[in-house]
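Asks: One structure coming up, written as structure tokens, with questions to follow.
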Amino acid sequence: MLRFARRSLQRLRGRGLPVVYDARYRQGVYGVPMDPLRGEKILGALAEAGYMRRDLVSEPKPASVENLLKVHTPGYLQDLQEAETLTRILGVEVLPAEAEGTLELQRLMTGGTIHATRLALRGGGVAVHLGGGFHHAQPDAGLGFCVFNDVAVAIRRLRARGFTEPVLVVDLDLHDGNGTRRIFAADPTVHTFSIHNEHWGDTEAVASSSIALGADVDDDRFLATLREALPPVCAAFRPGLVFYLAGSDPARDDLIGNWRLGAAALLERDRLVTALAREGPRAAPLVVLLAGGYGPHAWSYSARYLLWLASGRAREPVAEEELVLARFRALRPELRRAEREDDGLPFSLSEEDLGGLVPSAARPVRFLSLYSRHAAELALERAGILPQLRARGFRRLRLELDAADGGATLRIACEDRGDERLVELRAHRSRSLLPGMELVALDWLLLQNPREAFSARRPQLPGQQYPGLGLLREFMSWLVVVCETHGLDGVHFVSAHYHVATQSRRLVRPLDPRDEARLRRIAEAVAGVPLPEATRAVEEGQVKDADGVPLSWQPVASVIPVSERLQALVSGPAYDEAVARESARLVHTVR
């Protein structure tokens with residue numbers, strides 16, 4: 001079976017993998033814990049691996065009301081004009097001013113599933129929609145972030161156009177595909193197959209497989225269930241079209257999931273479904289939808305699957321640090337325009353001019369001597385940082401700049417509930433840290449979400465008052481691109497805690513080889529230990545040297561090297577030899 005699927009996919013790869021995506025998907029919904037850049041990151045991973053051409057990405061049109069009415073009742077569509085209805089469906093407050101935008105986003109994604117279906121049928125292969133999978137929506141009600149049932153709308157549209165082949169919906173999102181099952185409960189030509197954690201309502205249907213496995217499901221149990229249940233359905237039903245909801249929320253690190261699947265198991269799941277859909281002489285067109293996936297790493301599981309689809313072999317997606325950097329580099333022209341927001345305005349006076357002409361006017365604050373408050377806000381908006389904060393539920397954002405010693409402090413606060421401090425970034429340009437080099441010196445960086453509480457999954461780390469925002473890569477990438485654009489040598493900062501020193505190790509290097517050796521030895525000693533526990537072990541003296549003496553944690557001065565001369569300082573034979581000498585002397589164990 002897998003051998004045949006491999007041959008059929010080779011024909012697909014010769015043509016390329018068609019993908020449906022729209023930049024407006026970045027809008028997200030306030031407070032829904034889904035990464036608004038999920039689709040963009042997946043596209044970036046495909047592009048970085050060389051498997052994405054511009055002509056393979058197409059934009060959808062919003063689903064028409066005519067098509068929505070093929071599934072949903074007129075009364076329900078009328079009720080969706082009210083913000084209260086959307087609030088009940090999404091589980092987060094939707095203000096009246098946001099209702100239209102929220103509704104249009106799901107209409108656009110429903111149109112995306114329609115368009116992906118069109119592409120799959122036209123090419124007779126696989127088409128991917130980087131969105132969709134709203135499987136909880138029913139004819140007269142929405143639920144669980146799902147307003148419209150995009151799969152049902154796409155199927156009913158096909159039926160109205162004369163498509164008579166059997167349709168199989170394989171729903172491997174963590175949650176029950178209850179809405180799709182209810183819509184087609186009396187239709188023997190549509191089989192809804194769902195493996196999930198628990199049932200969401202009635203499971204009766206003339207053509208359905210509904211399997212609830214409970215919580216804490218591991219790789220072996222899930223894959224055994226899938227291998228036993230799905231092949232007989234495919235063999236008996238012989239679908240002429242397959243929809244695959246490839247949710248990543250069964251992953252063990254999903255923010256709201258309660259299963260424990262690893263990346264390898266999720267990829268094996270995806271390969272099995274693809275093989276079954278493309279098996280035998282009656283290979284069915286396959287429409288892949290993202291469905292559920294919550295948290296900063298959800299994109300990576302989908303990216304692995306699509307890289308396999310495009311290349312024919314298991315490939316790891318590019319590291320997220322590099323992916324974020326690539327996105328910022330692509331925005332470099334826009335970031336430069338943000339620095340020169342007054343360019344092209346005739347007879348205008350700059351803030352510097354006003355500061356020099358009017359004795360009483362204070363010289364304006366510019367972050368890194370480049371960005372005014374307006375320019376910094378524009379740069380962070382275009383870079384996707386402010387949209388990601390809004391997606392976390394922070395609506396009324398305020399950005400301000402304050403003068404600091406030789407530099408400036410950039411603050412972002414939210415005014416929804418008083419004055420919530422989210423970001424505080426203090427940095428300046430320095431020529432004194434390293435002889436002959438100019439660096440961005442990062443003095444202080446606070447990223448916190450005051451609306452979240454610590455939990456067993458997200459325990460408190462040293463130095464934290466609230467859980468983090470998950471935006472460290474974005475801010476560091478912004479500073480790196482500033483360095484690349486303006487000929488600065490790199491970013492300098494001091495890691496006060498072990499968990500900070502170990503993040504982004506692909507890009508960050510300690511200035512002192514002895515610190516690099518120490519970090520490597522500590523990493524060996526705490527290998528396999530979750531980062532929060534490893535950090536506590538280091539800071540509480542549980543990591544000891546060969547003589548049993550507890551390690552005394554010391555802050556580490558590090559750089560993200562940008563220029564060749566700084567890269568040479570923290571890499572190369574001399575640096576590596578110094579690290580090796582120190583490593584030979586150090587032996588750390590953890591109690």
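The values are calculated or read from the model by the stated rules, or taken from the named source; none is laboratory data. The model shown is predicted, which means the values in this text are computed figures rather than measured ones. Here Cβ is always computed from backbone atoms with ideal geometry, including for glycine, and neighbour counts include all displayed protein chains. Accessible surface is based on the protein model in full, side chains and every heavy atom, while ligands, DNA and RNA are left aside. Shrake-Rupley method; radii C 1.70, N 1.55, O 1.52, S 1.80 Å.
Asks: Would you compute, from DSSP H runs of 4+ residues alone, the mean residue ellipticity of the chain at 222 nm, taking -39500 (n - 2.57) per run and dividing by the full residue count, rounded to the nearest 500?
Replies: Details: 22 runs with 240 residues, N = 591.
Rounded to the nearest 500, it is -12500 deg cm²/dmol.
Asks: Still on this structure, I have one more. Using Cα pairs under 8 angstrom and six or more residues apart, how large is the relative contact order of the chain, in percent? Walk me through the numbers on the way to the answer.
Replies: Working: 1114 pairs, mean separation 67.0, N = 591.
Value for the chain: 11 percent.
Asks: So, for the chain, what is the accessible surface per residue at a probe of 1.4 Å, expressed in square angstrom? Don't jump to the answer; show the numbers that get you there.
Replies: On the way: 25570 Å² over 591 residues.
Per residue, the chain has 43 Å² of solvent-accessible surface.
Asks: Quick one: accessible surface of Ile560, probe radius 1.4 Å, all protein chains present, in square angstrom to the nearest 10.
Replies: That residue has around 10 Å² of solvent-accessible surface.
Asks: Also, quick follow-up: Please list, short to long, the whole-number percent of alpha-carbon pairs of region 225-275 in consecutive 5 angstrom bins beginning at zero.
Replies: Over region 225-275, the share of Cα pairs per 5 Å bin runs 4, 18, 24, 24, 15, 10, 5, 1 percent.
Asks: What does the charge add up to near Ser64, with Lys and Arg as +1, Asp and Glu as -1, over the other residues with Cβ less than 12 Å from its Cβ? Intermediate values should be presented prior to the final figure.
Replies: Working: positive: Lys61, Lys70, Arg107, Arg157; negative: Glu66.
Overall, the nearby charge balance is +3.
Asks: Could you give me the percent of Cα pairs per 5 Å distance bin for region 434-591, shortest bin first, beginning at zero and ending with the bin that holds the maximum distance?
Replies: 2, 8, 16, 19, 19, 15, 12, 7, 2, 0
Asks: With a 1.4 Å probe and all protein chains kept in place, how much accessible area does Glu564 have, in Å² rounded to the nearest 10?
Replies: Spelled out: Glu564, probe radius 1.4 Å, area about 150 Å².
Asks: Okay, moving on. Loop-only trypsin sites (Lys or Arg not before Pro) in region 274-313, please: DSSP not H, G, I, E or B, and at most 15 other Cβ atoms within 10 Å. Working shown, then result.
Replies: Working: sites: Arg278, Arg282, Arg304, Arg313; in loops: Arg278, Arg282, Arg313.
Answer by residue number: Arg282, Arg313.
Asks: Could you work out the equivalent-ellipsoid semi-axes for region 418-497, taking the square root of 5 times each eigenvalue of the Cα gyration tensor, largest first, in whole Å?
Replies: 29, 13, 11
Asks: Region 27-59: which trypsin sites (Lys or Arg not before Pro) are DSSP loop and have at most 16 other beta-carbon atoms within 10 angstrom? Please list the in-between numbers first.
Replies: Details: sites: Arg38, Lys41, Arg53, Arg54; in loops: Arg53.
Those that pass, being in a loop and sparsely packed, are Arg53.
Asks: Which of these values of Cα extents along the principal axes in Å was calculated from the structure shown: (i) 75, 68, 45; (ii) 186, 67, 42; (iii) 101, 47, 47?
Replies: (i)
Asks: What base-10 log of the normalised intensity I(q)/I(0) is obtained for region 114-229 from the Debye formula, alpha carbons as equal point scatterers, at q = 0.09, 0.18 Å⁻¹?
Replies: -0.25, -0.98
Asks: Quick one: putting +1 on the C-beta of Lys and Arg, -1 on the C-beta of Asp and Glu, what dipole do you get for the chain around its Cα centre, in Debye to the nearest 20?
Replies: Values: 74 positive and 76 negative charges, 434 e Å.
Taking the Cα centre of the chain as origin, the dipole is about 2080 debye.
Asks: Could I ask something else about it? For region 410-425, what does the Karplus curve 6.51 cos²θ - 1.76 cosθ + 1.60, with θ = phi - 60°, yield as ³J(HN,Hα) per residue in whole Hz, taken in order and with x for Gly and Pro?
Replies: 9, 10, 10, 10, 10, 9, 4, 10, x, 9, 8, 7, 10, 10, 9, 10
Asks: I would also like to ask the following. Just to confirm the filter: which trypsin sites (Lys or Arg not before Pro) across region 114-196 are DSSP coil and have at most 15 other Cβ within 10 angstrom of their Cβ? Spell out each step's value before the answer.
Replies: Numbers: sites: Arg118, Arg122, Arg156, Arg157, Arg159, Arg161, Arg181, Arg182; in loops: Arg161.
Passing sites in region 114-196 are Arg161.
Asks: Counting only DSSP beta bridges with both residues in the chain, tell me the antiparallel percent, nearest 5.
Replies: Details: 37 of 68 bridges.
About 55 percent, rounded to the nearest 5.
Asks: How big is the accessible area of Val500 in square angstrom, nearest 10, if you roll a 1.4 angstrom probe over the protein chains?
Replies: Accessible area of Val500: about 50 Å².
Asks: Let me check I've understood the local charge: for Asp218, count other residues with C-beta under 11 angstrom from its C-beta, Lys and Arg +1, Asp and Glu -1. What total comes out? Kindly include the intermediate steps, with their values, before the conclusion.
Replies: Working: positive: Arg221, Arg252, Arg260; negative: Asp216, Asp219, Asp220.
Counting the neighbours of Asp218, the net charge comes to 0.
Asks: So what's the angle, to the nearest 10 degrees on a 0 to 90 scale, between helix 472-486 and the longest Cα principal axis of the chain?
Replies: It works out to around 60 degrees.
Asks: Quick check: the distance between the Cα centres of region 46-101 and region 554-572, to the nearest angstrom?
Replies: 46
Asks: Continuing with the same structure: Between Leu531 and Arg161, what is 0.36 nm times their sequence separation minus the Cα-Cα distance? Round to one decimal in nm. Mind showing how you got there, number by number?
Replies: Working: separation 370, 0.36 × 370 = 133.20 nm, distance 5.42 nm.
Gain in length upon complete extension: 127.8 nm.
Asks: Ignoring ligands, DNA and RNA, what percent of the accessible area of the chain is carbon or sulfur (1.4 Å)?
Replies: Working: 12870 of 25570 Å².
In the chain, the share of accessible area belonging to carbon and sulfur is 50 percent.
Asks: Next question, about the same structure. Please give me the summed charge of the neighbours of Arg181: other residues whose Cβ is under 12 Å from its Cβ, Lys and Arg +1, Asp and Glu -1.
Replies: Details: positive: Arg182; negative: Asp171, Asp176, Asp187, Asp202, Glu204.
Once all neighbours under 12 Å are counted, the net charge is -4.
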